[in-house]
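What follows is a structure written as structure tokens; I'll ask about it next.
The values are calculated or read from the model by the stated rules, or taken from the named source; none is laboratory data. Note that the structure is a prediction, hence the values are computed from the model and not measured. Ideal geometry is used to build each Cβ from the backbone, glycine not excepted, and the neighbour counts take in all protein chains shown.
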Amino acid sequence: MMMDLPRVLIAGGGELGSAVAHRLARSGMELVVVDLEKPHCIRREVCFAMVRCGGSGVVEGIRARMAVSAGEALEIAGAGDIPVMAGDFEKIAGDIKPDVVVDARMLKRDQHMSRDLAPLVVGLGPGFTAGGDVDIVIETNRGHDLGRVIHDGAAEAHTGIPAEVAGFSHERVIRAPQAGTFTSRAELGQMVEKGEVLGLIDNAVRVKSGISGLLRGLVMDGIEVRNGQKIGDVDPRGNAIDHRTISDKGRSVAGGVLEAVMHWWMRERDD
């Protein structure tokens, strides 16, 4: 017998939000993803939000489609795909009437997500407090507690230090050297050298790679970026990794969300 499952609304279709959406969709849940009209995604090959910009609509066998209304979104979700919308999140929540809301925007600071938006509200990472602004928090910092379901208290604070990969930390992250419009000169998945120009800000200021490796992520052309904003990611492991698949971190966090949602849902059914 098919088990009734919750309807989930996810704020943020970036890397972690998409990993969560993928896991919940695989588990048979109907869900809707909301992001910006022009997403700032870095690992674009695994971000469902990119469907709004003509990007790949498929991540590891799960397809996303753009939706312009709540009715269309629910129709797409009912067909087994993931609808991606843009607009006011609270209004969309009112139209969708989800059982669960997941805030996956990863703003990494104090955030405000109303617990009135759904019976269960889950926040990913720093800035949320379980029992305060959300019901449950999922740990997103790498380490022993990655993916842990927190029912009381907050996630670890944002350190500002990128996780070390093959001995590189800050060096592997590409940041905008100034504010302006980004234009790419590189393709995701290509091997790049230290000092190689990956793009331009305002067609003038060069954006260079800090290390040699595989270009795992880069914001799309035409995005307005802030000075110092993270806009790319070079993986020193090179061709040993696949930039088109969900990361170990994404899978851990998504597993935590699935645990939290199903634990709550089964208790609701018992009541």
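Taking the condition touching a Lys or Arg at 6+ places or on another chain (Cβ under 8 Å), farther than 23 Å from residue 47 by Cα and either without any contact (Cβ under 8 Å) to a residue 12 or more places away in the chain or not assigned by TED's automatic domain parsing to the domain that holds residue 263 (or both), does residue 179 pass?
The answer is yes for residue 179.
Given the structure, is residue 246 at pLDDT 95 or above, surrounded by 13 or more Cβ atoms within 10 Å (Cβ to Cβ) and in contact with a His (Cβ under 7 Å, 6 or more places away or on another chain)?
Yes.
Condition first: under 23 Å from residue 52 (Cβ atoms) and not assigned by TED's automatic domain parsing to the domain that holds residue 59. Can you find one or more residues in the stretch 206-215 that meet it?
So far as the stretch 206-215 goes, yes, one or more of its residues are under 23 Å from residue 52 (Cβ atoms) and not assigned by TED's automatic domain parsing to the domain that holds residue 59.
Would you confirm whether or not the stretch 195-215 contains a residue that is in contact with a helix residue (DSSP H, G or I) (Cβ under 9 Å, 6 or more places away or on another chain) and assigned to a strand (DSSP E or B)?
Yes - at least one qualifying residue is present in the stretch 195-215.
Please state which one of 41, 47 is at pLDDT 95 or above and closer than 14 Å to residue 218 by Cα.
Of the residues listed, the single one that is at pLDDT 95 or above and closer than 14 Å to residue 218 by Cα is 47.
Output the residues belonging to the stretch 220-248 that are in a loop (DSSP other than H, G, I, E, B) and either in contact with a helix residue (DSSP H, G or I) (Cβ under 8 Å, 6 or more places away or on another chain) or over 23 Å from residue 182 (Cα atoms) (or both). Quick ask: steps written out before the conclusion?
Applying the first criterion (in a loop (DSSP other than H, G, I, E, B)) to the stretch 220-248 yields 220-223, 226-229, 236-237, 241-247.
Of everything in the stretch 220-248, those that are in a loop (DSSP other than H, G, I, E, B) and either in contact with a helix residue (DSSP H, G or I) (Cβ under 8 Å, 6 or more places away or on another chain) or over 23 Å from residue 182 (Cα atoms) (or both) turn out to be 220, 236, 237, 241, 242, 243, 244, 245, 246, 247.
Restricting attention to the stretch 171-195, which residues are farther than 19 Å from residue 243 by Cα and either hydrophobic (A, V, I, L, M, F, W, C) or surrounded by 19 or more Cβ atoms within 10 Å (Cβ to Cβ) (or both)?
Within the stretch 171-195, 176, 179, 182 qualify.
Restricting the first residue to the stretch 251-262 and requiring it to be within 13 Å of residue 29 (Cβ to Cβ), which pairs with a second residue that is basic (Lys, Arg) and assigned to a helix (DSSP H, G or I) meet a Cβ separation below 6 Å and a spacing of at least six or different chains?
254/23; 258/23
Please state which one of 79, 70 is assigned by TED's automatic domain parsing to the domain that holds residue 15, within 12 Å of residue 32 (Cβ to Cβ) and free of Cβ contacts under 8 Å to residues at least 60 places away in the same chain.
The unique qualifying residue is 70.
So how many residues does the stretch 153-170 have that are outside any loop (DSSP other than H, G, I, E, B) and under 18 Å from residue 241 (Cα atoms)?
Total satisfying the criteria: 2.
May I ask you to list the residues in the stretch 1-32 that are in a loop (DSSP other than H, G, I, E, B) and either among the hydrophobic types (A, V, I, L, M, F, W, C) or out of contact with any strand residue (DSSP E or B) (no Cβ under 7 Å at 6 or more places or on another chain) (or both)? Show your work before the answer.
First, pick out the residues of the stretch 1-32 that are in a loop (DSSP other than H, G, I, E, B): 1-6, 12-14, 27-29.
Result: 1, 2, 3, 4, 5, 14, 27, 28, 29.
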